[in-house]
There are 2 protein chains.
Amino acid sequence: MNDMTQTPEMLIAMLGARARKAAAILAQATDEQKAQALKLAAQALRDAAPAIAAANARDMENAAANGLSPAMLDRLRLDAGRIAATADGVEAVATLPNPLGAIIDSSERPNGLVLQRVRVPLGVIGIIYESRPNVTADAAALCLRAGNAVILRGGSEAVESNRAIHAAMLSGIVAAGLPADVVQIVPTTDRAAVGALLKASEFVDLIIPRGGKSLVARVQEEARVPVLAHLDGINHSYVHAAADPDMACALVVNAKLRRTGVCGATETVLIDRNFASAGRLVQALLDAKCAVRGDGDVQALDTRATPAADDDWDTEYLDAIVSVRMVDGPEDAIAHIAAHGSHHTDAIITEDAATAEQFLNAVDSAIVMWNASTQFADGGEFGLGAEIGISTGRLHARGPVALEGLTTYKWLVRGTGQTRP
Amino acid sequence: MNDMTQTPEMLIAMLGARARKAAAILAQATDEQKAQALKLAAQALRDAAPAIAAANARDMENAAANGLSPAMLDRLRLDAGRIAATADGVEAVATLPNPLGAIIDSSERPNGLVLQRVRVPLGVIGIIYESRPNVTADAAALCLRAGNAVILRGGSEAVESNRAIHAAMLSGIVAAGLPADVVQIVPTTDRAAVGALLKASEFVDLIIPRGGKSLVARVQEEARVPVLAHLDGINHSYVHAAADPDMACALVVNAKLRRTGVCGATETVLIDRNFASAGRLVQALLDAKCAVRGDGDVQALDTRATPAADDDWDTEYLDAIVSVRMVDGPEDAIAHIAAHGSHHTDAIITEDAATAEQFLNAVDSAIVMWNASTQFADGGEFGLGAEIGISTGRLHARGPVALEGLTTYKWLVRGTGQTRP
């Protein structure tokens with residue numbers, strides 16, 4: 001390392017200063033230029049597929065030698081199909097509507113001043129992620145399209161793959177006339193560099209962690225820079241007394257089991273004591289090979305159900321396990337969600353519109369659904385084109401966050417010489 | 001203190017838990033109820049004016065005995081006129097448009113799911129402020145109207161005044177049927193309680209400091225809860241070559257001198273080397289009794305100008321002092337602002353529309369103005385009705401922050417039984 005990078009803080013300050021400079025240039029680039037950079041980057045990823053695959057093979061070899069779990073090895077693996085999908089994803093971001101320059105609102109004051117709020121880039125974004133190397137391309141594409149410089153810090157197990165993806169993308173970005181520093185990778189696997197990045201509020205406007213709960217928890221704990229993230233997805237599906245039994249069974253089984261490892265999966269089912277088909281619902285979950293942990297009333301419905309412990313109501317299983325509780329009407333369901341939920345995604349299933357609206361209004365979560373599977377909690381399913389993450393925080397952006405969440409606004413005031421009396 | 005309040009952390013946890021509970025009730029209250037609560041609170045403030053004045057007299061006596069400066073004593077003082085103005089301010093917040101329930105956007109997906117983003121309260125807000133007791137009423141009114149519970153921590157010198165204002169407002173709030181805990185005061189002047197409040201991210205969603213730079217700096221340094229604030233207002237007025245000389249003199253003198261202590265005051269004037277009336281401009285500032293600290297070229301314009309030191313370009317004087325520099329065109333002005341500004345408010349004065357648009361586009365500040373005095377940087381002047389503060393941060397809300405900045409949104413998804421494939 002040279003003088004500028006003697007400590008993790010100095011390294012991050014150097015990267016941060018470069019990012020700030022690049023962000024100022026990027027903020028003045030046209031949307032066509034940004035879209036073109038992503039199209040060229042996508043093509044460069046396709047052209048570099050053999051080099052990326054070779055780099056990934058080296059990562060896979062090291063990871064296997066280091067005893068990584070099969071699940072982690074699968075997340076790390078890049079084959080031709082995954083590289084092609086990554087390139088397609090970058091190209092898709094180039095075709096999304098331009099999030100910048102839109103006039104949010106405008107007004108004219110009695111003194112003749114004309115005010116506008118216009119969308120501008122956020123600035124510099126730090127992404128901290130784990131083994132999936134495609135995040136390198138996905139996150140860089142979204143940040144760049146929204147006019148932001150990005151500093152990427154991937155997992156040490158994916159270092160070769162990430163560098164190969166980064167190198168390919170850079171060739172496209174530079175060919176479009178944009179500065180290379182709009183997308184930087186932290187050039188060390190030293191964990192102290194993550195700590196320095198999390199505290200670099202002078203250089204970084206937002207940190208987005210992408211990975212498991214322990215990564216997110218560490219980032220939230222250590223960061224001095226604002227963090228956009230969700231720690232848990234303890235999501236509920238509440239089956240109201242007036243739910244259609246067929247719909248309820250279909251929705252609950254899908255919400256829990258379509259993919260058990262996603263953050264939008266339902267983890268707790270609340271069944272209204274006046275719902276007549278509770279037994280059929282619990283049976284449908286058990287028949288679909290889902291373990292059911294329930295209160296006494298639920299266990300009475302099917303002997304295969306086992307007792308729920310106190311902490312089951314606060315557990316994100318991310319597995320084919322569900323906690324099930326009988327509740328005394330909507331207020332009881334809403335109170336359970338307030339006490340045990342994680343403000344991510346919660347749903348009511350009912351044919352009664354008034355009760356549905358009561359639930360939509362009262363449940364304080366980023367996403368509240370009526371007669372839909374909680375597994376729809378996803379930026380792509382919401383029509384946002386792509387998502388950088390889902391936020392359970394309440395400031396700035398909530399729920400699925402895509403291009404708009406990577407922007408801010410400024411006030412423009414146009415006058416004709418007005419002085420303030 | 002009882003068992004629940006043995007430590008500052010326990011005290012804040014108790015207040016925070018009460019605030020969360022009150023916020024959930026407030027979120028379900030109608031807008032009429034909230035407006036009514038503020039009208040009743042305003043009337044209660046008027047009715048309690050003698051008691052508030054008596055409490056303030058006790059604060060003033062203690063403050064004088066403790067040797068507070070005349071400026072601080074003036075900020076602390078409440079006379080009949082100020083109490084009436086405070087009550088009027090609370091009533092004015094009751095007449096602002098309801099910031100909640102608005103549908104930000106909506107869409108229907110190909111699978112029939114109907115999505116909406118609707119404005120909802122932020123939750124619980126902490127306000128940390130200094131001597132002006134009217135902040136107790138102003139901040140409480142804005143937070144309540146936006147559906148939020150608030151925890152107030154005023155300065156120890158204003159403790160009696162703040163309690164009297166709080167007690168009066170509560171009587172109105174409770175008379176409207178809202179829970180008393182929607183507006184709480186930290187019941188101790190122990191400074192450790194501030195530290196605990198700043199770290200209470202489980203109970204508080206946003207901290208807003210109101211006061212001088214040292215207060216804001218301490219809050220930004222210590223807080224783990226997100227902070228909405230501005231530390232500095234190092235604002236620039238750039239006089240372009242094509243500025244109208246009369247307008248330039250009037251705007252610069254107003255921007256600097258109308259009130260020197262406000263955060264929107266211009267602190268540095270950048271004069272284009274090709275502006276023909278530079279001498280007249282500097283003379284106008286000096287004639288208006290403003291000290292001018294300039295570079296060599298500026299000193300050459302008027303012998304009363306003194307040399308600027310390096311740190312003058314980074315100084316918020318909040319006084320009748322201005323730093324003045326000659327620049328080589330718009331790029332140079334923009335570069336100076338990028339290097340020395342605080343991203344608060346910056347203005348260009350020119351008759352050339354293309355240069356004005358270049359400046360509006362390139363300057364990365366919360367507010368960028370063309371042919372207007374930077375002293376207009378104020379929520380009231382922007383037509384927002386009232387402001388809780390001005391933010392130079394980039395997330396959530398930027399520039400003057402009023403009711404909308406005290407809200408967030410949630411996603412509502414209405415389906416007809418859709419499962420995710």
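Picking from A:Ile337, A:Ile348, A:Ile388, which residue would you name as being among the aliphatic types (A, V, I, L, M) and not assigned by TED's automatic domain parsing to the domain that holds A:Ala265?
Working: A:Ile337 fails: not assigned by TED's automatic domain parsing to the domain that holds A:Ala265; A:Ile348 fails: not assigned by TED's automatic domain parsing to the domain that holds A:Ala265.
Answer to the check: A:Ile388.
Mind listing whichever residues of region B:255-309 are in contact with a strand residue (DSSP E or B) (Cβ under 9 Å, 6 or more places away or on another chain) and among the charged types (D, E, K, R)?
Listed by number, the residues that qualify are B:Lys256, B:Glu267, B:Asp272, B:Arg273, B:Arg293, B:Asp295, B:Asp297, B:Asp302, B:Arg304.
Give the residue that is nearest to B:Ser365 (Cα to Cα), with candidates limited to residues of region A:90-118 that are touching a residue at least 40 places away in the same chain (Cβ under 8 Å) and among the polar types (S, T, N, Q).
That would be A:Gln116.
Looking at region A:387-404, which of the residues that are outside any strand (DSSP E or B) and of a type in the set (A, V, I, L, M) is surrounded by the fewest Cβ atoms within 10 Å (Cβ to Cβ)?
Step one: filter region A:387-404 for residues outside any strand (DSSP E or B), giving A:387-388, A:392-398, A:402-404.
Retained after the next criterion (residues that are of a type in the set (A, V, I, L, M)): A:388, A:395, A:397, A:402-403.
Working: A:Ile388: 27, A:Leu395: 21, A:Ala397: 24, A:Ala402: 23, A:Leu403: 24.
Selected residue: A:Leu395.
Out of all the residues in region A:273-302, which are over 30 Å from the mean Cα position of the chain (by Cα) and assigned to a loop (DSSP other than H, G, I, E, B)? Reasoning before the result, please.
Here is the first cut: in region A:273-302, the residues over 30 Å from the mean Cα position of the chain (by Cα) are A:273-284, A:286-287, A:294-302.
Within region A:273-302, A:Arg273, A:Asn274, A:Phe275, A:Ala276, A:Ser277, A:Asp295, A:Asp302 meet the criteria.
Go through region B:358-384 and count every residue that is free of Cβ contacts under 8 Å to residues at least 24 places away in the same chain and among the hydroxyl-bearing types (Ser, Thr, Tyr).
At the first step, the residues of region B:358-384 found to be free of Cβ contacts under 8 Å to residues at least 24 places away in the same chain are B:360-361, B:368, B:370, B:379-384.
If we keep only those that are among the hydroxyl-bearing types (Ser, Thr, Tyr) as well, we get none.
The qualifying residues number 0.
Output the number of the condition that B:Pro121 fails; it satisfies all remaining conditions of (1) touching a Gly at 6+ places or on another chain (Cβ under 7 Å); (2) farther than 21 Å from B:Ala200 by Cα; (3) touching a residue at least 12 places away in the same chain (Cβ under 8 Å).
So B:Pro121 meets the others, but not (2).
Residues checked against (1) touching a Gly at 6+ places or on another chain (Cβ under 6 Å); (2) among the hydroxyl-bearing types (Ser, Thr, Tyr); (3) at pLDDT 95 or above; (4) in a strand (DSSP E or B):
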residue	(1), (2), (3), (4)
A:Phe359	no, no, yes, no
A:Phe382	no, no, yes, no
A:Gly385	no, no, no, no
A:Tyr409	no, yes, yes, yes
A:Arg414	no, no, yes, yes
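A:Ser277: among the hydroxyl-bearing types (Ser, Thr, Tyr), surrounded by 15 or more Cβ atoms within 10 Å (Cβ to Cβ), touching a Gly at 6+ places or on another chain (Cβ under 8 Å) and free of Cβ contacts under 8 Å to residues at least 60 places away in the same chain, yes or no? It would help to see each step written out before you state the result.
Values: among the hydroxyl-bearing types (Ser, Thr, Tyr): yes; surrounded by 15 or more Cβ atoms within 10 Å (Cβ to Cβ): yes; touching a Gly at 6+ places or on another chain (Cβ under 8 Å): no; free of Cβ contacts under 8 Å to residues at least 60 places away in the same chain: yes.
No; evaluated as a whole, the condition is false for this residue.
Would you be able to tell me the number of residues in region A:365-380 that are assigned to a loop (DSSP other than H, G, I, E, B), facing chain B (nearest Cβ under 7 Å) and either acidic (Asp, Glu) or within 24 Å of A:Val135 (Cα to Cα) (or both)?
Kept after step one, since they are assigned to a loop (DSSP other than H, G, I, E, B), are these residues of region A:365-380: A:365-366, A:373, A:377-380.
Okay, now just the ones that are also facing chain B (nearest Cβ under 7 Å), so A:365-366, A:373.
With the extra rule that they be either acidic (Asp, Glu) or within 24 Å of A:Val135 (Cα to Cα) (or both), the set shrinks to A:366.
Of the residues in region A:365-380, 1 are assigned to a loop (DSSP other than H, G, I, E, B), facing chain B (nearest Cβ under 7 Å) and either acidic (Asp, Glu) or within 24 Å of A:Val135 (Cα to Cα) (or both).
Would you confirm whether any residue within region B:77-93 is within 14 Å of another protein chain (Cβ to nearest Cβ), farther than 21 Å from B:Ala63 by Cβ and modelled with pLDDT of 95 or more?
Just the residues of region B:77-93 that are within 14 Å of another protein chain (Cβ to nearest Cβ), to begin with: none.
No: zero hits.
Identify, please: which residue in region B:388-401 is on the phi < 0 side of the Ramachandran plot and touching a residue at least 60 places away in the same chain (Cβ under 8 Å) and is, among those, nearest to the other protein chains (Cβ to nearest Cβ)? Please lay out each step first, then the result.
First pass over region B:388-401, keeping only residues on the phi < 0 side of the Ramachandran plot: B:388, B:390-395, B:397-398, B:400-401.
Then drop every residue that is not touching a residue at least 60 places away in the same chain (Cβ under 8 Å), which leaves B:388, B:390-393, B:395, B:397, B:401.
Values: B:Ile388: 14, B:Ile390: 10, B:Ser391: 10, B:Thr392: 11, B:Gly393: 8, B:Leu395: 4, B:Ala397: 9, B:Val401: 11 Å.
Looking at residues that are on the phi < 0 side of the Ramachandran plot and touching a residue at least 60 places away in the same chain (Cβ under 8 Å), I get B:Leu395.
Is region B:101-124 home to any residue that is modelled with pLDDT of 95 or more, aliphatic (A, V, I, L, M) and over 30 Å from A:Gly383 (Cα atoms)?
Yes, there is a match, as at least one residue in region B:101-124 is modelled with pLDDT of 95 or more, aliphatic (A, V, I, L, M) and over 30 Å from A:Gly383 (Cα atoms).
Determine, yes or no, whether B:Asp328 is out of contact with any strand residue (DSSP E or B) (no Cβ under 7 Å at 6 or more places or on another chain) and of a type outside the set (A, V, I, L, M). Write out each step before concluding.
Working: out of contact with any strand residue (DSSP E or B) (no Cβ under 7 Å at 6 or more places or on another chain): yes; of a type outside the set (A, V, I, L, M): yes.
It is true that B:Asp328 is out of contact with any strand residue (DSSP E or B) (no Cβ under 7 Å at 6 or more places or on another chain) and of a type outside the set (A, V, I, L, M).
Need the failing condition index for A:Ala305 against (1) more than 26 Å from the chain's Cα centre (by Cα); (2) at the interface with another protein chain (Cβ under 9 Å from one of its Cβ atoms), just the number.
(2)
Considering every residue within region B:218-229, establish whether at least one is touching a residue at least 40 places away in the same chain (Cβ under 8 Å) and more than 12 Å from chain A (Cβ to nearest Cβ). Break it down into steps so the answer makes sense when it comes.
As a first pass, look at region B:218-229 and keep what is touching a residue at least 40 places away in the same chain (Cβ under 8 Å): B:219, B:225-229.
Remaining after also requiring more than 12 Å from chain A (Cβ to nearest Cβ): B:219, B:229.
So far as region B:218-229 goes, yes, one or more of its residues are touching a residue at least 40 places away in the same chain (Cβ under 8 Å) and more than 12 Å from chain A (Cβ to nearest Cβ).
(1) under 25 Å from B:Glu108 (Cα atoms); (2) facing chain B (nearest Cβ under 8 Å): which one isn't true of A:Arg420, the others all being true?
So A:Arg420 meets the others, but not (1).
Going by what's in this entry, would A:Ala366 be described as within 30 Å of A:Val90 (Cβ to Cβ) and either buried (at least 21 other Cβ atoms within 10 Å of the Cβ) or touching a helix residue (DSSP H, G or I) at 6+ places or on another chain (Cβ under 8 Å) (or both)?
Values: within 30 Å of A:Val90 (Cβ to Cβ): yes; either buried (at least 21 other Cβ atoms within 10 Å of the Cβ) or touching a helix residue (DSSP H, G or I) at 6+ places or on another chain (Cβ under 8 Å) (or both): yes.
Against the criterion (within 30 Å of A:Val90 (Cβ to Cβ) and either buried (at least 21 other Cβ atoms within 10 Å of the Cβ) or touching a helix residue (DSSP H, G or I) at 6+ places or on another chain (Cβ under 8 Å) (or both)), A:Ala366 qualifies.
May I ask you to say which residue of B:Val120, B:Val135 is part of a helix (DSSP H, G or I) and either touching a Lys or Arg at 6+ places or on another chain (Cβ under 7 Å) or within 14 Å of chain A (Cβ to nearest Cβ) (or both)?
Working: B:Val120 fails: part of a helix (DSSP H, G or I).
Result: B:Val135 is the single residue among B:Val120, B:Val135 that is part of a helix (DSSP H, G or I) and either touching a Lys or Arg at 6+ places or on another chain (Cβ under 7 Å) or within 14 Å of chain A (Cβ to nearest Cβ) (or both).
Mind counting the residues in region B:409-418 that are surrounded by fewer than 23 Cβ atoms within 10 Å (Cβ to Cβ) and β-branched (Val, Ile, Thr)?
Number satisfying all stated conditions: 1.
Hey, does region B:324-331 have a residue that's among the basic types (Lys, Arg), surrounded by 21 or more Cβ atoms within 10 Å (Cβ to Cβ) and in contact (Cβ under 8 Å) with a residue 60 or more places away in the chain?
Of all residues in region B:324-331, those among the basic types (Lys, Arg) come to B:325.
So of that shortlist, the ones also surrounded by 21 or more Cβ atoms within 10 Å (Cβ to Cβ) come out as B:325.
If we keep only those that are in contact (Cβ under 8 Å) with a residue 60 or more places away in the chain too, we end up with none.
There is no residue in region B:324-331 that is among the basic types (Lys, Arg), surrounded by 21 or more Cβ atoms within 10 Å (Cβ to Cβ) and in contact (Cβ under 8 Å) with a residue 60 or more places away in the chain.
Which residues, taken from region A:405-417, are aliphatic (A, V, I, L, M) and within 7 Å of chain B (Cβ to nearest Cβ)?
Narrowing region A:405-417 to residues aliphatic (A, V, I, L, M): A:406, A:412-413.
Correct list: A:Leu412, A:Val413.
Can you spot a residue in region A:95-115 that is under 30 Å from A:Asp181 (Cβ atoms), of a type in the set (S, T, N, Q) and loosely packed, with under 14 Cβ neighbours inside 10 Å?
There is at least one residue in region A:95-115 that is under 30 Å from A:Asp181 (Cβ atoms), of a type in the set (S, T, N, Q) and loosely packed, with under 14 Cβ neighbours inside 10 Å.
Return the only residue of B:Lys21, B:Lys39 being modelled with pLDDT of 95 or more, under 25 Å from the mean Cα position of the chain (by Cα) and not aliphatic (A, V, I, L, M).
On the way: B:Lys21 fails: under 25 Å from the mean Cα position of the chain (by Cα).
From the options B:Lys21, B:Lys39, the qualifying one is B:Lys39.
Give region A:244-258 a look and list any residue that's touching a helix residue (DSSP H, G or I) at 6+ places or on another chain (Cβ under 7 Å) and in a loop (DSSP other than H, G, I, E, B), or say none.
Within region A:244-258, just A:Arg258 meets the criteria.
Is it the case that region B:125-139 has a residue that's closer than 20 Å to B:Thr30 by Cβ and among the aliphatic types (A, V, I, L, M)? Talk me through it step by step, then tell me what you get.
Of all residues in region B:125-139, those closer than 20 Å to B:Thr30 by Cβ come to none.
The answer is no, given that none of the residues of region B:125-139 is closer than 20 Å to B:Thr30 by Cβ and among the aliphatic types (A, V, I, L, M).
Which of the residues belonging to region B:303-317 are free of Cβ contacts under 8 Å to residues at least 12 places away in the same chain and either surrounded by 19 or more Cβ atoms within 10 Å (Cβ to Cβ) or assigned to a loop (DSSP other than H, G, I, E, B) (or both)?
Here is the first cut: in region B:303-317, the ones free of Cβ contacts under 8 Å to residues at least 12 places away in the same chain are B:303, B:310-311.
Hit for region B:303-317 is B:Thr303, nothing else.
The values are calculated or read from the model by the stated rules, or taken from the named source; none is laboratory data. All values reported here derive from a predicted model rather than from experimental measurement. Cβ atoms come from the backbone with ideal geometry, glycine included; neighbour counts cover every protein chain shown.
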